[in-house]
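Derivation of every value follows stated rules applied to the coordinates shown; laboratory data play no part. All values derive from a computational prediction rather than experimental measurement. Heads up, the Cβs are rebuilt from the backbone with ideal geometry, glycines too, and the neighbour counts pull from every protein chain shown.
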Amino acid sequence: MILAGAGGVAVAMVLSTPAWADTRQGYGANYATVGSDKRWVEVCDMEDDGNGVHGEFRLSRGGAMTKGDPNGSAGGCGNQWAGDDITEFRVCETGHGCSGWLRVN
């Protein structure tokens, strides 16, 4: 929508909501993401330090899933679909620990 403002100045108003609202959690510069569908995950190693990164995901029916970034800090991330909805997750760096568990809403 374009509104004409005082003095002939046009003002644009954009009203939108995100079509894809992911839940993301970091550990250092590394991160794990759960998609808005609660089944798609991405894990990214963003530090060129030789430490692997993986996400741990708890599933709605009591199961669990682990996904790592298969090529380390090189371009690209690890992606996977879960068979059940993800209820909470954390991101871990080998030799350094993990973030706390984050609930997926």
Checklist entry - Going by how many other beta carbons lie within 10 Å of each one, how would you line up 40, 101, fewest first? => result 101, 40
Checklist entry - Net charge near residue 36, counting Lys/Arg +1 and Asp/Glu -1 over other residues with Cβ under 12 Å of its Cβ? => result 0
Checklist entry - How much length, in nm to one decimal, is gained on full extension between residue 81 and residue 94, taken as 0.36 nm per residue of separation minus their Cα-Cα distance? => result 2.4 nm
Checklist outcome for this item: Note on the range 22-103: alpha-carbon gyration tensor, axes a ≥ b ≥ c; rule is a/c under 1.5 for rounded, else prolate if a/b larger than b/c, else oblate; result prolate
